[in-house]
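The structure under discussion appears below in the form of structure tokens.
The values are calculated or read from the model by the stated rules, or taken from the named source; none is laboratory data. Model, not experiment: these values are computed from the prediction. Glycine gets a Cβ as well: all are built from the backbone with ideal geometry, and neighbour counts include every protein chain shown.
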Amino acid sequence: MVSRVIPVEPFDLVIFGGTGDLARRKILPGLYRRFQAGQMPPESRIIGAARGELTDADFRGMVAAAIAEFLPAAQQDAAVIEDFLTRLHYIPIDAKGDSGWPQLKALIRADVVQAFYFSVAPALFGDLAGRLTSWGIAGPEARIVVEKPFGRDLATAQALNATLAQHFSEGQIYRIDHYLGKETVQNLMAVRFANILFEPLWKSEYVDHVQITVAETVSVEGRGAYYDTSGAMRDMVQNHLMQLLCLIAMEPPYHFDPAAVRDEKLKVIRALDPVRPEDIVRGQYLASNGQGGYLEHSENPQSRTESYIALKCHISNWRWKGTPFYLRTGKRLRARASEIAITFKEPPHSIFDDAEGWRENVLVIRLQPDEGMNLKVMIKEPGPGGMRLVQVPLDMSFAEALGDAHGDVPDAYERLIMDVIRGNQTLFMRGDEVEAAWAWADPIIEGWEARGDRPQPYDAGSSGPEDALMLMHRDGRRWREIR
Ligand code: NAD
């Protein structure tokens, strides 16, 4: 199977923060990959704009080094890289001053797609948006791409939305949640809405519960000062896990288009019940094997910021009333694994005597590693000796099923940037969606702050705090193992 590449229109893409970590690790290598795939028309240009006094040649050298460092050797083609580098330019610019803006204005073309990627600290988003319009650089069709974090609570998110709205319309604003660019995350929608198989069962009548897990092995070492202002709830749940929950729980949109999909996601967030304090478990990893614990990494020995959180959520609507959604995410856990597991209920009546062998059907959608799906079904245990039941997995690895075509799959940032150029906002968060997610998250955070709750310690390399296990055991359920 060969994947199809449809070239986008010619563009000028300005990356504010073009010398930063994100630009070097993800955005610029990703753009090279799209160029290599033939998706980026040759007359397109990428303009790095940041604080350092670089020349075009310096910037090209930096990008060549980033490609060499962050892409596998098999994807590096010297001739293509050289060609790609000629599309790159650099302008030293000050988001808070006047320097660089006249040069940018002179460079940007009005007759191609204009996109401005704000890969800088969110404190600069307003400055950039204001200068792009006051200097008359951004045309009426220009797009801006804003990185996370989008606010740290409802008030800051509203303020940021209001600031951006002074300069750009909602249709021009692309709020990135790179989870939405992942192949498997989009597959959630394909699995649900392109098959008749699952949708009739996709409701509380048949679904016992849903588990959403995003487990990381990394610590916060090196970014402890930032992380201490955030924590797992703000850094992961309010955005990434919330998006996954929305895609699992939403009603079928009438069409796969931005307004329809985002309307349905918003309805899910608005239908979320407040989370009870006893349904929240927060944790902090301990030191192990010579590596520091959270408190050493945070620089604040008294920090109460959580590096792990587990929550039980309920969605109050017709489809999901009574089906709990368990969410968990954390750092320094046993394995790096993201998955969604939908556990179905028992059949209404069993005709078999072998009650012991029976297990629930579970549909697992693996986001990483080894993206794929696994459906656990009951069959007869082979051999003589009567009807004994055994559970077997119907396992599908997308890499195996799709062969070579899968190797070419663009990574999340590549796909999302191409969507910006195409003007497709389906996989970006709308302003009201972000605000609704904060409106749900704020009281949860305020609750534990007001109670003075301390996160529970957990061993590095474990699957999280003991109480997280209890959160499930209490309900007669158990987490799937993190492997
Ligand atoms: P960084 O600190 O590595 O880079 C910051 C960039 O901003 C540099 O290019 C710097 O020159 C530029 N800059 C700073 N002040 C400026 C000014 N006054 N005028 C013009 N340019 C200025 O940051 P980063 O890690 O690349 O992160 C950028 C954004 O992406 C942030 O919003 C961050 O939260 C978000 N983000 C980063 C990652 C990541 O993995 N690094 C992941 C998700 C989101």
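Looking at segment 210-220, can you tell me whether even one residue there is over 21 Å from residue 148 (Cβ atoms), at pLDDT below 95 and more than 14 Å from the chain's Cα centre (by Cα)?
No - not one qualifying residue is present in segment 210-220.
Please state which one of 359, 336 is surrounded by fewer than 17 Cβ atoms within 10 Å (Cβ to Cβ) and touching a Pro at 6+ places or on another chain (Cβ under 8 Å).
Residue meeting the stated conditions: 336.
Which of the numbered conditions does residue 366 fail, given that it passes all the others? Conditions: (1) surrounded by 15 or more Cβ atoms within 10 Å (Cβ to Cβ); (2) within 18 Å of residue 242 (Cα to Cα); (3) at pLDDT 95 or above.
(3)
If you check residue 95 against the conditions, is it within 14 Å of the ligand (Cβ to nearest atom), surrounded by 15 or more Cβ atoms within 10 Å (Cβ to Cβ) and under 23 Å from residue 123 (Cβ atoms)?
Yes.
Examine segment 130-142 for a residue that is away from the ligand (no atom under 16 Å from the Cβ), charged (D, E, K, R) and either outside the structural domain of residue 49 (by TED's automatic domain parsing) or within 21 Å of the chain's Cα centre (by Cα) (or both), and state whether such a residue exists.
no
How many residues are more than 21 Å from residue 53 (Cα to Cα), outside any loop (DSSP other than H, G, I, E, B) and among the aliphatic types (A, V, I, L, M) when one looks only at segment 87-146?
7
Is one or more of the residues making up segment 156-172 within 13 Å of the ligand (Cβ to nearest atom) and in contact with a helix residue (DSSP H, G or I) (Cβ under 9 Å, 6 or more places away or on another chain)?
Within segment 156-172, one or more residues are within 13 Å of the ligand (Cβ to nearest atom) and in contact with a helix residue (DSSP H, G or I) (Cβ under 9 Å, 6 or more places away or on another chain).
Would you be able to tell me the number of residues in segment 1-44 that are within 8 Å of the ligand (Cβ to nearest atom) and either outside the structural domain of residue 126 (by TED's automatic domain parsing) or not in a helix (DSSP H, G or I) (or both)?
5
Looking at the structure I just gave you, is residue 377 assigned to a strand (DSSP E or B), over 20 Å from residue 242 (Cα atoms) and of a type in the set (A, V, I, L, M)?
Judged against the criteria, residue 377 is a match.
Considering (1) more than 11 Å from the ligand (Cβ to nearest atom); (2) on the phi > 0 side of the Ramachandran plot, say which one residue 100 fails and leave the rest.
Unmet for residue 100, out of (1) more than 11 Å from the ligand (Cβ to nearest atom); (2) on the phi > 0 side of the Ramachandran plot: (1).
Between 276, 262, 282, 270, which is in the same structural domain as residue 312 (by TED's automatic domain parsing) and out of contact with any helix residue (DSSP H, G or I) (no Cβ under 8 Å at 6 or more places or on another chain)?
None of the other options fit; the residue is 276.
Between 362, 409, which is more than 30 Å from residue 39 (Cβ to Cβ) and among the β-branched types (Val, Ile, Thr)?
Going through 362, 409 in turn, the sole match is 362.
Just give me the residues in segment 154-187 being out of contact with any strand residue (DSSP E or B) (no Cβ under 6 Å at 6 or more places or on another chain), under 21 Å from residue 129 (Cα atoms) and charged (D, E, K, R), in sequence order.
170, the sole residue that qualifies.
For segment 277-285, does any single residue satisfy the condition of being surrounded by fewer than 21 Cβ atoms within 10 Å (Cβ to Cβ) and more than 23 Å from residue 343 (Cα to Cα)?
yes
Output the residue which, of all residues in segment 429-469 that are of a type in the set (A, V, I, L, M, F, W, C) and under 20 Å from residue 332 (Cα atoms), is surrounded by the fewest Cβ atoms within 10 Å (Cβ to Cβ).
469
Inside segment 212-239, can you point out the residues that are of a type in the set (D, E, K, R) and touching a His at 6+ places or on another chain (Cβ under 8 Å)?
Listed by number, the list holds a single entry, 221.
Of the numbered conditions (1) under 27 Å from residue 122 (Cβ atoms); (2) touching a helix residue (DSSP H, G or I) at 6+ places or on another chain (Cβ under 7 Å); (3) within 16 Å of the ligand (Cβ to nearest atom), residue 50 fails exactly one; give the number of that condition.
The one condition residue 50 does not meet is (2).
Take the residues in segment 143-155 that are more than 17 Å from residue 231 (Cα to Cα) and among the aliphatic types (A, V, I, L, M); name whichever of them is farthest from the ligand (Cβ to nearest atom).
155
Looking only at residues that are within 13 Å of the ligand (Cβ to nearest atom) and among the hydrophobic types (A, V, I, L, M, F, W, C) in segment 112-124, which one is surrounded by the most Cβ atoms within 10 Å (Cβ to Cβ)?
116
Quick check on segment 16-30. Is at least one of its residues more than 27 Å from residue 223 (Cα to Cα) and buried (at least 20 other Cβ atoms within 10 Å of the Cβ)?
no
Looking at (1) touching a Pro at 6+ places or on another chain (Cβ under 9 Å); (2) of a type outside the set (A, V, I, L, M); (3) within 16 Å of the ligand (Cβ to nearest atom), which is the only condition residue 109 fails?
(3)
Just checking, which of 468, 399, 450 is out of contact with any strand residue (DSSP E or B) (no Cβ under 8 Å at 6 or more places or on another chain), on the phi < 0 side of the Ramachandran plot and of a type in the set (A, V, I, L, M)?
The match here is 450.
When segment 375-399 is examined, which residues are found to be under 27 Å from the mean Cα position of the chain (by Cα) and touching a residue at least 24 places away in the same chain (Cβ under 8 Å)?
Scanning segment 375-399 gives 396, 397, 398, 399.
May I ask you to verify whether residue 328 is in contact (Cβ under 8 Å) with a residue 60 or more places away in the chain and more than 22 Å from residue 477 (Cβ to Cβ)?
No; evaluated as a whole, the condition is false for this residue.
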